[in-house]
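Colleague: The following block contains the structure, expressed as C-alpha cells.
The values are calculated or read from the model by the stated rules, or taken from the named source; none is laboratory data. Because the structure is predicted, anything quoted here is derived from the model rather than measured. Here the Cβ positions follow ideal geometry from the backbone for every residue, glycine too, while neighbour counts run over all protein chains shown.
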C-alpha cells in the first residue's frame, strides 16, 4: 500500500496525512478465520499488510509486513487511531487483544 494520502489544512495547504504502523495480537488461541476477519477489518479502515517504497538498488518494491502488522494513513492522532481500531476489533473480532500503534514518518526494510 502506498501511503500518499493528503490532508487539506486550515490554511488551504495540502499536507500529507500521518502514517501509522499497527501491530495487533489476538490473545488466547484465535483461529485463522479470526485473523482473516481482522485483516478484512483493517483493510476496510485503510490499513494494509504491505508497504511500498524504494529498495537498496533504487527500484520500486512492495514488502509484506510481519503477521498482523498493518500500515496506512489517517487524519486522526495516534491515540484516536488506537481507540477507534481497538473498539472495532473488540466489537467485531474479539475482546482480548494487545495492540501497538506508532506514527511513522520514515521507514526502511531489509533482510
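Colleague: Counting residues that are more than 10 Å from the chain's Cα centre (by Cα), which strands (runs of 3 or more DSSP E) fully inside segment 41-111 reach at least 3?
Modeller: Ranges flagged: 50-54, 60-64, 97-104.
Colleague: Also, quick follow-up: When you go through (1) assigned to a strand (DSSP E or B); (2) modelled with pLDDT of 95 or more one by one for residue 15, which number turns out not to apply?
Modeller: Of everything listed in (1) assigned to a strand (DSSP E or B); (2) modelled with pLDDT of 95 or more, residue 15 misses just condition (2).
Colleague: Could you check residue 30 against (1) part of a loop (DSSP other than H, G, I, E, B); (2) surrounded by fewer than 12 Cβ atoms within 10 Å (Cβ to Cβ); (3) modelled with pLDDT of 95 or more and say which number it fails?
Modeller: Among (1) part of a loop (DSSP other than H, G, I, E, B); (2) surrounded by fewer than 12 Cβ atoms within 10 Å (Cβ to Cβ); (3) modelled with pLDDT of 95 or more, the lone unmet condition for residue 30 is (2).
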